[in-house]
Amino acid sequence: MKIVLSFVAIVALLLVLGALTVIALPRGLDTATASAPASVAGAPASQEPAAPQSTTGYNWIAIPLNTFQAGDTAATLANHVQTNNNGTVTVQTVSRWNATAQGLDIYFHQLGLGDFPISNQSAYRVETTGPASAVWTMVGDVPAIGSYNYTLLETGGTDYNWIMDPLDRPSNSQASVLANDIQTNASAPVTVQTISKWNATAQSYDIYFHQLGLGDFDVRPGYPYRVEVDVTTGSSVTWP
C-alpha cells in the first residue's frame, strides 16, 4: 500500500498510516552554518551531545516506510528533506548512531564529507537551518510485518541504541510499555534502563527511567527512540 507520510519533530503527532512531523530550528536561527567536520568516513565516531546547545538545529527522525532503495546514502536523505518540505530547509548534517563505538557517524552535506549508507526503518539525526519549522513529507510502501529488527548492544562504556518503534506495534503507547515489550520479546534476557526521545524544541532529551518508573511519556509507532540496555549474557540481543 502506497501512502504519504509527513514527519513533525516538534509536535510529534504520528499515526500508524500517516504523520505530521516538523523539522525544527531554535527560534531566530535562520543563517547558522555547520560546524567543522568531527567524523568522516574511516574516522572515529563523535560522541553524541549530552546537553542542549542553544545554537543547534537537531531533529531525530525515522524512516517508517520503504521510501529509500539499496544504494541510497545520507546525501540522498539530505536531498530528499531539502526537496520535499514546505519551507526552505537546508540540511547541514545527517548522522547515524554507531552503537559499537557509542558515538555518531556524521555526514556533512554542504561539504560532501562522510557519506554513509541509509536504510528504511532506521533512525537518523538531521541538522537543519532555515525557517523555524518545516514539514517534511515522504512516500513509500508499508513494510511487511516482522521484516526488520534491531540489534541492541551493551558496551564497555554507555549502552545506547537508536530504534524505531515498529508500525506493527501500536500497543506500545508509552515508554514503559515499549520497555516491557523489549524485555519480553528480545532474543535473550535484557533489562531496559532508560528510553529517551529527542525534544527538538528544547534541543535535549526527555528520559524515562524504567527501573525507577520515572519520567514516562507517550510513544508512537514510526518514531525514533534511544534505548539503554543491560544485556544479561553476552553483549547483544535482537528485538523484536
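Structure above, values below:
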read-out: Sites residue 111 and residue 139, calculated FRET efficiency, Cβ-Cβ separation with R0 30 Å, nearest 0.05; value: 0.55
read-out: Cα gyration tensor of the stretch 108-191 - equivalent ellipsoid semi-axes, whole Å, descending; value: 28, 19, 14
read-out: Per residue accessible area of the stretch 101-240, 1.4 Å probe, in Å²; value: 39 Å²
read-out: With every protein chain in place, the stretch 81-240: carbon and sulfur % of accessible area (1.4 Å); value: 48 percent
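The values are calculated or read from the model by the stated rules, or taken from the named source; none is laboratory data. Predicted, not measured: the structure shown is a model, and the values here were computed from it. With ideal geometry, Cβ positions are generated from the backbone for all residues, glycine too; neighbour counts draw on all protein chains shown. For accessibility, only protein heavy atoms count, side chains too; no ligands or nucleic acids. Shrake-Rupley method; radii C 1.70, N 1.55, O 1.52, S 1.80 Å.
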